[in-house]
Amino acid sequence: MGMTRTLLECSLSDKLCVIQEKQYEVIIVPTFLVTIFLILLGVILWLFIREQRTQQQRPGPRDIAPVPPSRDLSWEAAGHGGNVALPLKETSVENFLGATPALAKLQVPREQLSEILEQICNGSYGPILRANMNTGDTSKPKSVILKALKEPAGLHEVQDFLGRIQFHQYLGKHKNLVQLEGCCTEQLPLYMVLEDVAHGDLLNFLWTCRRDVMTMDGLLYDLTEKQVYHIGKQVLLALEFLQDKHLFHGDVAARNILIQSDLTAKLCGLGLAYEVYTRGAISSTQTIPLKWLAPERLLLRPAGIRADVYEDPTVLIIFITTGAPPYPEVPPASILQHLQKRKIMKRPSSCTRTMYGIMKSCWCWREAGRPSPRELRLRLEVAIKTADDKAVLQVPELVVPELYAAVAGIRVESLFYNYSML
Ligand SMILES: Nc1ncnc2c1ncn2[C@@H]1O[C@H](COP(=O)(O)OP(=O)(O)OP(=O)(O)O)[C@@H](O)[C@H]1O
């Protein structure tokens, strides 16, 4: 106001007036511009942060869901969390590796790992390799699986990898869980050494069964209903074991069940169980395919062991159809609406009414309505007694892995298949 009045009262030759006019240009206009600039900067920063957050929350590939947290709060009471985390005081990976005495007893001398035989696949930490390990008897090297930590790795990745080895150590031995043999972690590259379950995962095994291969390396590929129950029961024993430790698996699927030549089943893919162990919940960045998830997980609600029970019969049905994708008629993205209408997987012709009855009890929408792993195992044990041990499960069509991946809503790279159509 004052400035406007001065302008009206003075003439062009009035120096004071010129000075005041310059004050207007020199002080107010730049202040105004700086304010605009700061506001714009703030808006850009806000948009950037918002985009970053959305990206973090966004599920990775299509049809893959973020996994909700677990409901099992007893993990803290069970002494989990914190314990497994190794201190991050050291600033370099080399110094850090020297500071992990907890793993000293597990060390396998590197020179014992004589020969890398093949790379099986790329796992969540890095390459998964098959190697020979010298056991003292040079004529008989032992085949082992090496899970390597991909390089270059930062301190947090190293810490997570070492924590994962300690998790295996904490779990201890169970006949139906893949076994830790040791580790090489005193220097880079880092390896987790696991027993070799030579016939690989159940999905590949089932696909091989379709090829009418009678026996291979002593393994029978003619599956009967009784054997389906037998393998299902072993998976449940592994789940009971995890439940006793206040854990759950989080990704029960044929691709995470390894098969030995005597048809012993071993649960692997313990990445989510490790998250439950360390954090009491599953991180939302870990992803698994929608068609395997229990309703509470599709709805991003906390889940527990009964979500595993929901997934277990999905394995059975994949089994009984020798490796067909679940819900073939439902697009992966529509699975939640499908389940909300209380629709479940149809009974395949090869599935008896008894087995389908068991499956239906596990696919109950409400968690509380589903059996516990132990109750389910007991039901399988009863069913085994009258199960058919003669008729061989056969589906003549061979599986095209890429087609399977599309129908199942799974990334084809995650199948790790060594199956060929030839
Ligand atoms: N001990 C083993 N013996 C034989 N094959 C194995 C073994 N461990 C893993 N594999 C093969 O590697 C694949 C991936 O294994 P797994 O899911 O354990 O690895 P990952 O990607 O490191 O997952 P996670 O971090 O959940 O453990 C399996 O499907 C199987 O084909």
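The values are calculated or read from the model by the stated rules, or taken from the named source; none is laboratory data. The shown structure was predicted, so the numbers you read here are calculated from the model rather than taken from an experiment. Here the Cβ is made from the backbone with ideal geometry for all residues, glycine too, and neighbour counts use every protein chain on show. Accessible surface areas use protein heavy atoms only, side chains included; no ligands, DNA or RNA. Shrake-Rupley method; radii C 1.70, N 1.55, O 1.52, S 1.80 Å.
Observations, loosely collected:
- All positions within region 308-331 that are under 28 Å from H246 (Cβ atoms) and touching a His at 6+ places or on another chain (Cβ under 9 Å): D308, E311
- Test: D388 is in contact (Cβ under 8 Å) with a residue 40 or more places away in the chain, out of contact with any Phe, Trp or Tyr (no Cβ under 7 Å at 6 or more places or on another chain) and surrounded by fewer than 16 Cβ atoms within 10 Å (Cβ to Cβ): yes
- Considering region 315-422, the qualifying helices (runs of 4 or more DSSP H), each wholly inside and each with 2 or more residues that are within 16 Å of the ligand (Cβ to nearest atom) and in the same structural domain as I305 (by the TED database), run over 401-408.
- All positions within region 244-266 that are away from the ligand (no atom under 13 Å from the Cβ) and buried (at least 21 other Cβ atoms within 10 Å of the Cβ): H246, L247, F248
- Selected residue (criterion: nearest to the ligand (Cβ to nearest atom)) from residues of region 189-211 that are in a strand (DSSP E or B) and in contact with a Phe, Trp or Tyr (Cβ under 9 Å, 6 or more places away or on another chain): D201
- Meets criteria (modelled with pLDDT of 85 or more, over 18 Å from Y229 (Cβ atoms) and either open to solvent by 80 Å² or more (accessible area, probe 1.4 Å) or among the hydrophobic types (A, V, I, L, M, F, W, C) (or both)) for R342: yes
- Within region 153-171, the set of residues being in contact with a helix residue (DSSP H, G or I) (Cβ under 9 Å, 6 or more places away or on another chain) and away from the ligand (no atom under 13 Å from the Cβ) comprises A153, G154, L155, V158, Q159, L162, Q166, Q169, Y170.
- Filtered residues of region 322-359 (kept if touching a Lys or Arg at 6+ places or on another chain (Cβ under 9 Å) and basic (K, R)): R347, R353
- Counted residues, region 281-297 - those being within 16 Å of the ligand (Cβ to nearest atom), open to solvent by 20 Å² or more (accessible area, probe 1.4 Å) and outside any loop (DSSP other than H, G, I, E, B): 1
- The residue of region 110-128 that is nearest to D196 (Cα to Cα), among those that are open to solvent by less than 70 Å² (accessible area, probe 1.4 Å) and assigned to a helix (DSSP H, G or I), is Q112.
- Checking the stated criteria, T100 turns out not to satisfy the condition of being in contact with a Pro (Cβ under 8 Å, 6 or more places away or on another chain) and among the hydroxyl-bearing types (S, T, Y).
Per-residue answers, yes or no, for (1) over 22 Å from T278 (Cα atoms); (2) surrounded by 17 or more Cβ atoms within 10 Å (Cβ to Cβ); (3) in contact with a strand residue (DSSP E or B) (Cβ under 7 Å, 6 or more places away or on another chain):
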position: D137; (1), (2), (3): yes, no, no
position: K142; (1), (2), (3): yes, no, yes
position: I145; (1), (2), (3): yes, yes, yes
position: P152; (1), (2), (3): yes, no, no
position: H156; (1), (2), (3): no, no, no
position: D160; (1), (2), (3): no, yes, no
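- Selection of first residues in region 267-284 that are assigned by the TED database to the domain that holds D312 and under 22 Å from E195 (Cα atoms) and of second residues that are in a helix (DSSP H, G or I) and within 7 Å of the ligand (Cβ to nearest atom), restricted to Cβ pairs under 6 Å at least 6 apart or on distinct chains, gives the following pairs, ordered by first then second residue: C268/N256; G269/N256.
Table: residues versus (1) within 16 Å of the ligand (Cβ to nearest atom); (2) buried (at least 19 other Cβ atoms within 10 Å of the Cβ); (3) modelled with pLDDT under 90.
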{"residue": "L270", "(1), (2), (3)": "yes, yes, no"}
{"residue": "V276", "(1), (2), (3)": "yes, yes, no"}
{"residue": "R279", "(1), (2), (3)": "yes, no, yes"}
{"residue": "R301", "(1), (2), (3)": "no, no, yes"}
{"residue": "V309", "(1), (2), (3)": "no, yes, no"}
